[in-house]
1. For residue 1 and residue 115, calculate 0.36 nm times their separation in residues minus their Cα-Cα distance, and state this gained length in nm to one decimal.
2. Of all alpha-carbon pairs in the range 1-109, indicate the percentage at a distance above 25 angstrom.
3. Within the set of other residues whose C-beta is less than 15 Å from the C-beta of residue 52, count the net charge using Lys and Arg as +1 and Asp and Glu as -1.
4. Any idea how far apart residue 53 and residue 78 come out in nm if each label point goes 7 Å out from Cα toward Cβ?
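Read the figures in this text as sums done on the coordinates, not as results from a lab. The structure displayed is predicted, hence computed values, not measured ones. For neighbour counting, all protein chains shown are included, and Cβ atoms are generated from backbone atoms with ideal geometry for every residue, glycine included.
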Amino acid sequence: MAERFGSARTMLFCALASLAGCLLLTSTFSSWLVWPLVFVWGGVSFGIYTVSLIQLGERFSGQALIAGNAAFALVWGVGGIVGSPATGLSMQLIGHQGLPWSLGLLCSVLVVFLIAESGGSDRARTRNAERQAEFHAHQCAV
């Protein structure tokens, strides 16, 4: 999908579909439909990770890509360490609905950031290209 529609659109689709899954999950907990929903929701939400790596590769190259990948892995790991107890706390406070609501909140934040970025995507691409050119010029000088 990312090759056909672009990584930014695919990321937005994954975030919106994950948000929809969170909202639908709250109403299907007691139904057999929860299992196909969790199957599809899990695949779409993991697409966020995959498309994030694609975007990382699109924006950086060389040593910047290596450093970016390390930073990405670190932040993803911290999110896994912090996110699980935070979600558990929300489940303790409001019950089993805490899982989809907390994940839905994160998906909503991601959607807001993606929409804000798409408004300035040309500027962001120009800035990224300038940063990469500066980085490569610095690497050649060293």
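1. Contour length minus Cα-Cα distance gives 39.2 nm.
2. 29 percent
3. That sum, taken over residues with Cβ under 15 Å, equals 0.
4. The two pseudo-label positions are separated by 2.1 nm.
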